[in-house]
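In what follows, a structure is listed as structure tokens, so that the remarks can point back to it.
The values are calculated or read from the model by the stated rules, or taken from the named source; none is laboratory data. Note that the coordinates shown come from a computational prediction; the quantities given were computed from them, not determined experimentally. All Cβ positions, even for glycine, are placed from backbone atoms using ideal geometry, and neighbour counts span all protein chains on display.
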Amino acid sequence: MAANNDMDEREKQSPKLVVAMADFVAVDNTQLSFNEGDEMTILSESSSVWWWAELDEICGYVPVSYVVPVSEYISRHTQNHDWQDEEYFGAYGKVKIHLEMLSDHPRTLAYRNAIQKHRDVFIGKTVLDVGCGSGILSLFCAKDGKASKVYAVDGSVDIGELTKELVERNDLHKIITVITGKIEEIELPEKVDIIISEWMGTFLVFEFMIDTVLYARDRWLKADGVIWPSNAKLFVVPCCAEEAYKEKVTAWNNQYGFDFSPFLNRAKTEVLNRPLHNHELDPRDCLSQGAVLLDIDMSTFAKENLELMSENFEFVISKEGTLHGLCSWFSVTFGGIPITDTSECVILSTAPDQEQTHWKQNLFLLEEPVTVHVGNFIEGSATLRRNPKYRRHMNVTFEFNIFTSDSKGEIVYSNKKKYFIWR
């Protein structure tokens, strides 16, 4: 194995993603160390034994026998523990989390308002509520929407039993049938006219309940059926976050009069490789207009596309300040129905200028803040990679340059950083 292989030859080969099947410890500085489940980019298939790869921006050789393509890794790891179903459904089997969601009035009322506003879509129709939880959406569909039949499905046995009792108590048991089990494993007696679900999570797709909703769409929705929400968008904006950065990072400079700066680099490694998921972004801290990272049409989006999603973004700085990071939010639309004016669609938005929801916003802090000026131009990309082993998790890599003006000009700052949500 030669460490000085022709780099031009490497660059001719298209990179591909692979996943480590086992841990490997490098024996010299030409090799990469990695852990099982690590995702790497193969830059060159140098030989039948060693490939040249990149992991976390570091390049080196990896043994071919230790890695497999992402698709093969996923097919080998489809057992329940990889979805963490016990943990996931266990968490949603507690009433505390359902009270939190019911108490989120912008969230809950958006669904109710959409159903009431477009009751004609529901009257006499069959509905599938995916991940029904407390059953509130099923109750809305039955009572406000006048649906003829609602199948309320949830994977949590504990909450499912309570929801059955709830349906009986509200005398809607002739319309609503509560089914306990995973959508992928249950059977329904018929296809449905409407699928409704509240599947959104941190950075829109965390927990990947969207995967289950798309499965339900392909398996149970009629060809002319409606899926709500019908569209989902993920936004990001450059922002100031002085207090958050101070709390998480610069606080290490001084503690009780002592110099704690030796802890600073460790803090950056441990804290800043994940977003702050409960950040409340003040609209005045936005340094430009937001940009759309994802735009998902729920009627056509393919499940396979959840594995890797990438989008470019551009910002023109409109306010002088310190760029501490990027902040995200999402919106979902209740459309996909015959209406003359799309403004009639109800939209649930978690934007900073809207009433706060339990999702709040997600803050991705930079390791080193940078001063920006009006007219500075930011150009970059965001790449979301689903964890091939822990299927409800993902990581996102932001890579961008800041230029002196929108005509590009001089690059004054460059950044590339990976964040885990949460593994």
Residue within segment 162-183 that is in contact (Cβ under 8 Å) with a residue 60 or more places away in the chain, surrounded by fewer than 24 Cβ atoms within 10 Å (Cβ to Cβ) and of a type in the set (A, V, I, L, M, F, W, C) present: yes
ALA114 meets each of (1) part of a loop (DSSP other than H, G, I, E, B); (2) in contact with a strand residue (DSSP E or B) (Cβ under 7 Å, 6 or more places away or on another chain); (3) not polar (S, T, N, Q) with one exception, condition (1)
For segment 311-350, which residues satisfy the criterion of being in contact with a Leu (Cβ under 7 Å, 6 or more places away or on another chain), within 20 Å of PRO275 (Cα to Cα) and not hydrophobic (A, V, I, L, M, F, W, C)? GLU311, HIS324, GLY325, SER328, SER331
Can you tell me which residues in segment 187-222 are closer than 26 Å to LEU276 by Cα and in a loop (DSSP other than H, G, I, E, B)? GLU198, TRP199, MET200, THR202, PHE203, VAL205, PHE206, GLU207, PHE208
I'd like the full set of residues that are closer than 27 Å to VAL19 by Cα and among the hydroxyl-bearing types (Ser, Thr, Tyr), limited to segment 293-319. SER310
Could you pull out every one of the strands (runs of 3 or more DSSP E) wholly within segment 1-110 that has 1 or more residues that are crowded, with 17+ Cβ neighbours inside 10 Å, among the β-branched types (Val, Ile, Thr) and at pLDDT 85 or above? 16-20, 39-44, 58-63, 67-69
Within segment 399-420, the residues that are without any contact (Cβ under 8 Å) to a residue 12 or more places away in the chain and charged (D, E, K, R) are GLU410
Taking into account only those residues within segment 273-307 that are in contact with an Asp or Glu (Cβ under 7 Å, 6 or more places away or on another chain) and not in a helix (DSSP H, G or I), which is surrounded by the most Cβ atoms within 10 Å (Cβ to Cβ)? LEU293
GLU367 is checked against (1) charged (D, E, K, R); (2) out of contact with any helix residue (DSSP H, G or I) (no Cβ under 7 Å at 6 or more places or on another chain); (3) more than 30 Å from ASP120 (Cα to Cα) and fails just one. What number does that condition carry? (2)
Return a yes/no flag: does segment 391-401 have any residue that is at pLDDT below 95, of a type in the set (Lys, Arg), surrounded by 16 or more Cβ atoms within 10 Å (Cβ to Cβ) and touching a Ser or Thr at 6+ places or on another chain (Cβ under 9 Å). yes
Would you say ILE58 is out of contact with any strand residue (DSSP E or B) (no Cβ under 9 Å at 6 or more places or on another chain), among the hydrophobic types (A, V, I, L, M, F, W, C) and more than 27 Å from TRP199 (Cα to Cα)? yes
Could you check, for segment 211-233, whether at least one of its residues is of a type outside the set (S, T, N, Q), surrounded by 18 or more Cβ atoms within 10 Å (Cβ to Cβ), touching a residue at least 24 places away in the same chain (Cβ under 8 Å) and in contact with a Cys (Cβ under 8 Å, 6 or more places away or on another chain)? no
Test THR333 against the criterion of being hydroxyl-bearing (Ser, Thr, Tyr), assigned to a loop (DSSP other than H, G, I, E, B) and under 22 Å from the mean Cα position of the chain (by Cα), and give yes or no. no
Cβ contacts < 8 Å: first residue free of Cβ contacts under 8 Å to residues at least 40 places away in the same chain, restricted to segment 296-314; second residue among the acidic types (Asp, Glu) and assigned to a strand (DSSP E or B), any location; separation 6+ or different chain. Result? none
Report whether or not ASP259 is acidic (Asp, Glu), touching a helix residue (DSSP H, G or I) at 6+ places or on another chain (Cβ under 8 Å) and surrounded by fewer than 22 Cβ atoms within 10 Å (Cβ to Cβ). yes
Within segment 148-161, which residues are buried (at least 19 other Cβ atoms within 10 Å of the Cβ), within 31 Å of the chain's Cα centre (by Cα) and either more than 14 Å from TYR88 (Cα to Cα) or not small (Gly, Ala, Ser) (or both)? VAL150, TYR151, ALA152, VAL153, ASP154, ILE159, GLY160
